[in-house]
Amino acid sequence: MNQDYIKPDNWSIIEEGFDPDQVKSSESLFSIGNGAMGQRANFEEHYSGPTFQGSYIAGVYYPDKTRVGWWKNGYPEYFAKVLNAPSWIGIDVNVNGEQIDLYTCKKVENFRRELNMKEGWLSRSFKITLQNDNEIQVETKRFLSLDLDEVGAIGYSVTPLNSDADLVITPYIDAGITNEDSNWDDTFWNISNLEVENNQAFIEAQTMKTNFHTCTFMQSECFVNDQSAGIQPQIIKTDNKISFIYKISVNKQETFSIHKFGGYTAGRNHNRTELIQAAKNVLFEATNLGFEALLNQQKQAWSKIWETADITIDGDVEAQQGIRFNIFQLNQTYLGTDATLNIGPKGFTGEKYGGSTYWDTEAYCIPFYMATKDQSVARNLLTYRYKHLEKAIENAEKLGFKNGAALYPMVTMNGEECHNEWEITFEEIHRNGAIAFAIFNYYRYTGDFSYIPEMGLDVLIGIARFWHQRATYSTDKNKYVILGVTGPNEYENNVNNNWYTNYIAQWCIRYASECIDKVEAEYDNDYTRIMNKAKLSKTEVKEWLHVSNNMYFPYSEKHNVYLQQDGFLDKELITVSELDKSQRPINQKWSWDRILRSPYIKQADTLQGMYFFEDQFTTEELERHFDFYEPFTVHESSLSPCVHSIQAAKLDRMDQAYTFYLRTSRLDLDDYNHEVHEGLHITSMAGTWMSIVEGFGGMRIINDTLTFEPKIPEQWEAYSFKVNYRNQILKISVSQNETHFELEGHEDLQILVNGNVVTISPNNFVTI
């Protein structure tokens, strides 16, 4: 059974009532971040029950050496772990000699937790009865500043309800942390310096092997009934922890509050010898503003994000909550300000997958960032891959490829492959295609071709060379085949001629050739530079095209569909609907061997290709393939429901599209895959946005024209979204009866709506 304890709300994620069994799930769901750092929703005060502690700094990781007992050539040297960083949020609270601990107390009442997505803060409130019968009211609020992205702030208040109280409040920073994802209780940090100055504390630490230098810091101020308490702390330093101990007596019904500022400065952004000074500088800014003023800035910053990114849904609170949760978490994870960073599948909410960059960024996230931010953000994501081109060439060389062929890693932190699963590393090569497609998609949407002569063509050439070399000529088929791969459906390993892989390989070569011709015709200097650097001749391009034009695609005449791979029809074709529900999810109930022998599909595979290249197939072809493959799809990848929702909407199957939309938008909130305690599915959240904008809104770029085919689920009264299209903001509002378009821009925009030309003038409504 899926979880259902999150209260429906348009703008907030709300939990009411305390259940220790839900703590880890809530720690994920209520996570906060600001693009530079993030943390799970761990309690500030001591908690002795099961918990998953997690605080993360963008770009900081540990290369855990891989061990493989057999064929090692080309195997990644390490698996990159995202590291739990030293904690700055801790505030221990002792009341009349007893520590506040929600796990061991006598009673917890009126527990309420809220993640306010509109304003970007997390709060808790509860009444607790301690074993000594003291009744205490606790109120907390914390946020990670968007404006000062090295700083977080906590407001924590304690009110004794039934007696006077001697309080001991201990804010601390702690570098003695462990990772959830560690093999032998490994430690990953070397602590080099603990320093206290006045009411400020600093711990400098470096990661082992990667030598990322960080400084964790804090500063606090205490109040009684909103008036400065003026108390000086006792300071305790250990090998890895600094604590400030504040002791005060308060009367019954008086409120003690502490404002704590903390966070991280890192050697990625500062001189490593000046991290403490950098921390002092940002603390000065934060404390000068104060908690409330910094919180007001936070509200304004989020308001600015929501101006463009928000999607409204009328008449369906759960659907509204789902899409806003997804948009909120995407913006907490990545804001596009740093081209050296990318989007990990768990963001700042957990450690699974190593927190690394996957093909998810190019396939799912770039469309979201292109349409909801300035196009420079998407360009930064593409620049990230360009800067890793040399590493991609090295990765290919390790596997025996030559002449500048590039294989981008399936998983990476710095351009090197760092995944420790054989089939992912060597077989799931379709990731190369997603990167090339993202370049095409960026140009298609923004109209900015300049990226291609500046950077993109180098990438496309490396990818085309890889596909040319990876294909094998089959004398039996008189075609080129691609053997030993894993497609997007990871429930098939080491198959021959995965249709999606072969198709995108063919497309990549053709697109690279087209871009070479365009750059030669229009960017002469760039063309000469690129061709000389790559040592590329027109003869070599012709050899690529020979492979591309003679690619083999498995096909079933019986079913009139392209086959997911050779031999797919040899399987026992029992649909998902015929599976006993007790067997689901199969990835938690079945052996890997059984899964591999089954026909079950983890996520869109053949249909992924038809999603990317929709314009190359008729609606009838899409329908045939959807009807054939979806019944075998278990949707046990977070990336699955969104593609199927878009395609169901395309086929006018709105009930099905709506069901898939709810699944993708509430994947984590309702814990469909029973794994939310491990962290959120950040990169798939962009797919939720796509399922509305591309699915229900029917947004496409066709022949360099923005087009829409708006549809609306019967469960909704109306919905609206905005897209930043070529530096103009277009708002689309869809109701059951009509569609409104409104343009915030400077010149007329010509679009297609249901195949008809519509011209929209700035600041005017057009109703269809």
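The values are calculated or read from the model by the stated rules, or taken from the named source; none is laboratory data. Keep in mind the model is a prediction, meaning the values are calculated, not measured. Note that we place each Cβ from the backbone using ideal geometry, even for glycine, and neighbour counts take in every protein chain shown.
The set of residues in the stretch 481-533 being among the polar types (S, T, N, Q), out of contact with any strand residue (DSSP E or B) (no Cβ under 8 Å at 6 or more places or on another chain) and farther than 23 Å from Q469 by Cα consists of N525, T528. For the residues N441, N403, the requirement of being among the polar types (S, T, N, Q), in contact (Cβ under 8 Å) with a residue 24 or more places away in the chain and crowded, with 19+ Cβ neighbours inside 10 Å singles out N441.
Take the conditions (1) in contact with a Gly (Cβ under 6 Å, 6 or more places away or on another chain); (2) crowded, with 20+ Cβ neighbours inside 10 Å; (3) in a loop (DSSP other than H, G, I, E, B); Y103 misses just one of them, which is (2). Can you tell me which residues in the stretch 270-301 are among the acidic types (D, E) and either modelled with pLDDT under 95 or under 23 Å from N211 (Cβ atoms) (or both)? The one that is among the acidic types (D, E) and either modelled with pLDDT under 95 or under 23 Å from N211 (Cβ atoms) (or both): E274.
Would you check if there is a residue in the stretch 228-248 being in contact with an Asp or Glu (Cβ under 9 Å, 6 or more places away or on another chain), within 21 Å of S125 (Cβ to Cβ), touching a residue at least 12 places away in the same chain (Cβ under 8 Å) and assigned to a loop (DSSP other than H, G, I, E, B)? No: the stretch 228-248 contains no residue that is in contact with an Asp or Glu (Cβ under 9 Å, 6 or more places away or on another chain), within 21 Å of S125 (Cβ to Cβ), touching a residue at least 12 places away in the same chain (Cβ under 8 Å) and assigned to a loop (DSSP other than H, G, I, E, B).
Among the residues of the stretch 633-652, those that are of a type outside the set (G, A, S) and more than 10 Å from K602 (Cβ to Cβ) comprise P641, C642, V643, H644, I646, Q647, K650, L651, D652.
Note on the stretch 1-55: residues that are modelled with pLDDT under 95 and buried (at least 22 other Cβ atoms within 10 Å of the Cβ) total 1.
Among the residues of the stretch 740-757, those identified as under 17 Å from K711 (Cβ atoms), of a type outside the set (G, A, S) and out of contact with any Asp or Glu (no Cβ under 6 Å at 6 or more places or on another chain) are H740, F741, I751, L752, V753, N756.
Based on this model, can you work out whether F632 counts as surrounded by fewer than 24 Cβ atoms within 10 Å (Cβ to Cβ) and either among the small types (G, A, S) or in contact with a Phe, Trp or Tyr (Cβ under 7 Å, 6 or more places away or on another chain) (or both)? So F632 passes the test.
Figure legend. Inter-residue proximity from the stretch 71-89: first residues closer than 14 Å to M208 by Cβ and in contact (Cβ under 8 Å) with a residue 40 or more places away in the chain, second residues in a loop (DSSP other than H, G, I, E, B) and basic (K, R), beta-carbon distance below 9 Å, spacing 6+ or different chains. Indicated pairs: Y78/K209. Residue check: A648 meets all listed conditions (1) within 20 Å of T501 (Cβ to Cβ); (2) of a type in the set (A, V, I, L, M, F, W, C); (3) buried (at least 19 other Cβ atoms within 10 Å of the Cβ) but one, namely (1). May I ask you to verify whether T705 is of a type in the set (V, I, T) and either buried (at least 18 other Cβ atoms within 10 Å of the Cβ) or touching a Cys at 6+ places or on another chain (Cβ under 9 Å) (or both)? Spelling it out, it is not the case that T705 is of a type in the set (V, I, T) and either buried (at least 18 other Cβ atoms within 10 Å of the Cβ) or touching a Cys at 6+ places or on another chain (Cβ under 9 Å) (or both). The lone criterion from (1) in contact with an Asp or Glu (Cβ under 9 Å, 6 or more places away or on another chain); (2) not in a strand (DSSP E or B) left unmet by P171 is number (2).
For (1) closer than 30 Å to F328 by Cβ; (2) surrounded by 22 or more Cβ atoms within 10 Å (Cβ to Cβ); (3) of a type outside the set (D, E), each residue gets a yes or a no:
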site	(1), (2), (3)
A153	yes, yes, yes
I169	no, yes, yes
T187	no, no, yes
I191	no, no, yes
L194	no, no, yes
V224	no, no, yes
I248	no, no, yes
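In the set (1) more than 22 Å from A319 (Cα to Cα); (2) surrounded by fewer than 18 Cβ atoms within 10 Å (Cβ to Cβ); (3) in contact (Cβ under 8 Å) with a residue 24 or more places away in the chain, H746 fails one condition alone, (3).
Being touching a Gly at 6+ places or on another chain (Cβ under 7 Å), of a type in the set (K, R) and buried (at least 18 other Cβ atoms within 10 Å of the Cβ) holds for only one residue in K352, K346, and it is K346. Residues in the stretch 56-74 that are surrounded by 18 or more Cβ atoms within 10 Å (Cβ to Cβ) and either out of contact with any strand residue (DSSP E or B) (no Cβ under 8 Å at 6 or more places or on another chain) or modelled with pLDDT of 85 or more (or both): Y56, I57, A58, G59, V60, Y61, Y62, P63.
Total residues in the stretch 398-429 satisfying the condition of being farther than 30 Å from I57 by Cα and assigned to a loop (DSSP other than H, G, I, E, B): the figure is 7. If the condition is being outside any helix (DSSP H, G or I) and not hydrophobic (A, V, I, L, M, F, W, C), then the stretch 442-456 contributes G447, D448, S450.
If you go through the stretch 207-227 and keep only what is assigned to a strand (DSSP E or B) and in contact (Cβ under 8 Å) with a residue 40 or more places away in the chain, you end up with T207, H213, T214, C215, T216, F217, M218, Q219, S220, E221, C222.
In the stretch 311-326, the count of residues that are buried (at least 22 other Cβ atoms within 10 Å of the Cβ), more than 17 Å from D147 (Cα to Cα), of a type in the set (D, E, K, R) and in contact (Cβ under 8 Å) with a residue 40 or more places away in the chain is one or more.
Looking across the stretch 74-99 at every residue that is of a type in the set (A, V, I, L, M, F, W, C), part of a loop (DSSP other than H, G, I, E, B) and under 23 Å from the mean Cα position of the chain (by Cα), the one that is nearest to G354 (Cα to Cα) is identified as L83. Count of the stretch 564-601 residues, restricted to those that are surrounded by 14 or more Cβ atoms within 10 Å (Cβ to Cβ), hydroxyl-bearing (S, T, Y) and touching a helix residue (DSSP H, G or I) at 6+ places or on another chain (Cβ under 7 Å), is 1. The criterion of at least 1 residues that are touching a residue at least 60 places away in the same chain (Cβ under 8 Å), within 23 Å of the chain's Cα centre (by Cα) and closer than 30 Å to Y353 by Cα is met, among helices (runs of 4 or more DSSP H) falling completely within the stretch 604-710, by 606-612, 640-650, 654-665, 682-690.
Yes/no per residue for (1) more than 30 Å from Q603 (Cα to Cα); (2) of a type in the set (D, E); (3) surrounded by fewer than 24 Cβ atoms within 10 Å (Cβ to Cβ); (4) within 26 Å of the chain's Cα centre (by Cα):
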| position | (1), (2), (3), (4) |
| --- | --- |
| D448 | yes, yes, yes, yes |
| D476 | yes, yes, yes, no |
| D517 | yes, yes, yes, no |
| Y523 | yes, no, yes, no |
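Scanning the stretch 254-296 for residues that are farther than 21 Å from Y56 by Cα, in contact with a Leu (Cβ under 7 Å, 6 or more places away or on another chain) and surrounded by fewer than 21 Cβ atoms within 10 Å (Cβ to Cβ) turns up just one, E285.
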